[in-house]
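Asker: Mind having a look at this structure? Questions to follow.
Values in this text are rule-based calculations from the coordinates and carry no lab data. In this text the structure is predicted, and so the values were computed from the model without any measurement. With ideal geometry, Cβ positions are generated from the backbone for all residues, glycine too; neighbour counts draw on all protein chains shown.
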Amino acid sequence: MPNHPESASRAREEVREWLGEDHPAYENVRLAVSELVTDAVRHAGGPLTLRLLTLDDLLRVEVEDQENVRGLPLSESGRGMILVGLLSGGRWGCRSCERGRTVWCEVPAVPKDPFPGLGEAPDHLPAHDDIPRPRRNFG
């Protein structure tokens, strides 16, 4: 897909076609995809590749960009990666690839209650330093 602000909308449509709106993880995957694509559009150049994969009880999202940037996409300008970290339970990261880098996350196919015993979600997000870090190696 092109590196364009409208690509996040196109990526959300891909999630709808892949999972369907009735899938229990639809909203979580849709939000994670939107955040990863938006981050790639904002910080990378060239076309993007979106991959949506089913891995047992996880749904893996990968966004490959054409930018030769190393390290984690921890932008100070927003809360996108905080959301991705929360939605994936810390199962996210990035790796270098032939043409750039791939940022990925794995969202549970059947989401658990993110706030057990609390009833409702908190009215604020964790601080930037509280982003769940990747559990796997990246490079």
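Asker: Any residue in region 27-36 that is out of contact with any helix residue (DSSP H, G or I) (no Cβ under 8 Å at 6 or more places or on another chain) and either touching a residue at least 40 places away in the same chain (Cβ under 8 Å) or within 15 Å of Leu87 (Cα to Cα) (or both)?
Answerer: There is at least one residue in region 27-36 that is out of contact with any helix residue (DSSP H, G or I) (no Cβ under 8 Å at 6 or more places or on another chain) and either touching a residue at least 40 places away in the same chain (Cβ under 8 Å) or within 15 Å of Leu87 (Cα to Cα) (or both).
Asker: Go through Pro47, Pro5 for me and flag whichever is over 11 Å from the mean Cα position of the chain (by Cα) and over 22 Å from Glu98 (Cα atoms).
Answerer: Step by step, each of Pro47, Pro5 is checked, and only Pro5 is over 11 Å from the mean Cα position of the chain (by Cα) and over 22 Å from Glu98 (Cα atoms).
Asker: Sticking with this one: Quickly run through region 15-42 and pick out the residues that are part of a helix (DSSP H, G or I) and surrounded by fewer than 16 Cβ atoms within 10 Å (Cβ to Cβ).
Answerer: Of everything in region 15-42, those that are part of a helix (DSSP H, G or I) and surrounded by fewer than 16 Cβ atoms within 10 Å (Cβ to Cβ) turn out to be Arg16, Glu17, Glu27, Arg42.
Asker: Going by the conditions given, is Val63 touching a strand residue (DSSP E or B) at 6+ places or on another chain (Cβ under 9 Å), aliphatic (A, V, I, L, M) and more than 21 Å from Asn3 (Cβ to Cβ)?
Answerer: Answer is no for this residue.
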